[in-house]
Amino acid sequence: MSDSTSFLEIPVGLEQIREAADRLSGLAHRTPVLTCSALDERVGASVFLKCENFQRIGAFKFRGAMNAILQLSDDERRAGVVTHSSGNHAQAIALAAKLAGVPACVVMPHTAPSIKRQATEGHGARVVSCEPTVADREATVARLIDEHGYTLVHPYDDWRVIAGAGTAALELIEDAGPLNVVMAPIGGGGLMAGTCLATAGSSPSTRLVGSEPSRADDARRSLELGQIQPSDNPKTVADGLRTSLGSRPFAVLSRHLERIVTVEESEILEAMRFIWERLNLIIEPSCAVPVAALLAHRVPEVRGARVGVILTGGNVDLDPMFQSLAERWLGEGR
């Protein structure tokens, strides 16, 4: 059975992504593409890492948020924007709105890492807490729109956000040169959708592979079954990938994505540690998912190939880590 959303018209292509890149020039960072010989040896491929952990607010999300806010009408700018997010999109909207002089409100699950809530409020956005379910997020957003006349900037189910996210893959291909495979993690699907559109438009022979935690594999199931499958707050360390696939990303992925591979929680943590140790880069768990797929050899066709990976962000909740260190080294009698 096929979901009608897979047949949605797709109004974004290479032209719109290039327009987004022009719009973001001077606002978003052109993040570096790094390599690591130890990673290449483990994977058996030449791996090029697009380091969006160096992007503003520490994640690729700034690209889509800024691109969307720059396209608001004057009336929409005056009324302000609202979104829902577990963290990185929240910070992105807060900063983008601040830069554009637009009021912003963010609906955030009470389970979101404290570092992300603090950063969102630090950029001047109002934060409204909700339960960690899609239904409660959407109900809270709808209420706020009715009360205040906000414009919704969805974290992933918005063509402007998708086009902005696609600029990361566009830069990756421009800076790394020809790539045989491009990979990214999938939560709501906005990044992977933008990556698909940018890659299909600029390098049509490049294969596109998504990655998810096995505990949060709703996108994989959605593509296999031909209709969107819900994701009900799955228990995964990759907190940015717990959300359900959006209808617009689903339409794009259904047409362009070759497949989705999944990884276990232990593999995510191993990949995260590998990048921290070997590249001295702080990446968050969601970001480590495609690296985990490569290290676990879930994509055997990459052997001997040139592989691009988008490292999505580096906003790690450091409180548990430093609490553990304090307990170990500052406890009584130490």
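Read-outs: derived from the displayed coordinates by stated rules, not from any lab. Bear in mind that the values here come from a model prediction, so they are computed numbers and not experimental data. Cβ: placed from backbone, ideal geometry, glycine included. Neighbour counts: every protein chain shown.
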Each label sits 7 Å from Cα toward the beta-carbon; between Glu138 and Asp22 the label points are separated, in nm, by 3.6
For a protection proxy built on the mean count of beta-carbon atoms within 10 angstrom, sort 257-269, 224-236 highest first, please. 257-269, 224-236
Relative contact order for the chain: what is it in percent, counting Cα pairs under 8 Å that are at least 6 residues apart? 23
Proxy reagent accessibility, fewest Cβ within 10 Å first, across Met321, Met66: Met321, Met66
Sorted by packing (mean other beta-carbon atoms within 10 Å per residue), highest first, where do 312-319, 323-330 land? 312-319, 323-330
Does the stretch 1-117 classify as rounded, prolate or oblate by the C-alpha gyration tensor (a ≥ b ≥ c root eigenvalues; a/c under 1.5 gives rounded; else a/b over b/c gives prolate, otherwise oblate)? prolate
Compute the distance in nm between two label points, each set 7 Å from the Cα along the Cα-to-Cβ direction, one at Phe7 and one at His110. 4.4
In whole Hz and in residue order, list the ³J(HN,Hα) couplings for the stretch 222-237 that follow from phi through the Karplus curve 6.51 cos²θ - 1.76 cosθ + 1.60, θ = phi - 60°; x for Gly and Pro. 4, 5, 5, 8, x, 8, 5, 9, x, 10, 9, 6, x, 8, 9, 5
Between the alpha-carbon centers of the stretch 292-325 and the stretch 150-217, tell me the distance in whole angstrom. 16
Sticking with the crude label model, points 7 Å out along Cα→Cβ, report the distance from Glu15 to Ala305 in nm, one decimal please. 3.0
Could you order the peptides 78-85, 139-146 from most to least packed, using the average number of other C-beta atoms within 10 Å per residue? 78-85, 139-146
If the chain between Asp317 and His29 were fully extended at 0.36 nm per residue, the gain over the current Cα-Cα distance would be 101.4 nm
With 0.36 nm assigned to each residue of separation and the Cα-Cα distance removed, Ser266 to Arg278 gains 2.5 nm
Ranked on Cβ counts within 10 Å of their own Cβ, fewest leading, Val161, Val12 go Val12, Val161
Per DSSP H run of at least 4 residues, take -39500 (n - 2.57); add these up for the chain, divide by its residues and hand me the 222 nm value, nearest 500 deg cm²/dmol. -14000 deg cm²/dmol
With N residues in the stretch 62-152, what two-decimal value do you get for its Cα radius of gyration over 2.2 N^0.38 Å? 0.98
From the Cα centre of the stretch 5-26 to that of the stretch 34-108, the distance in Å is 16
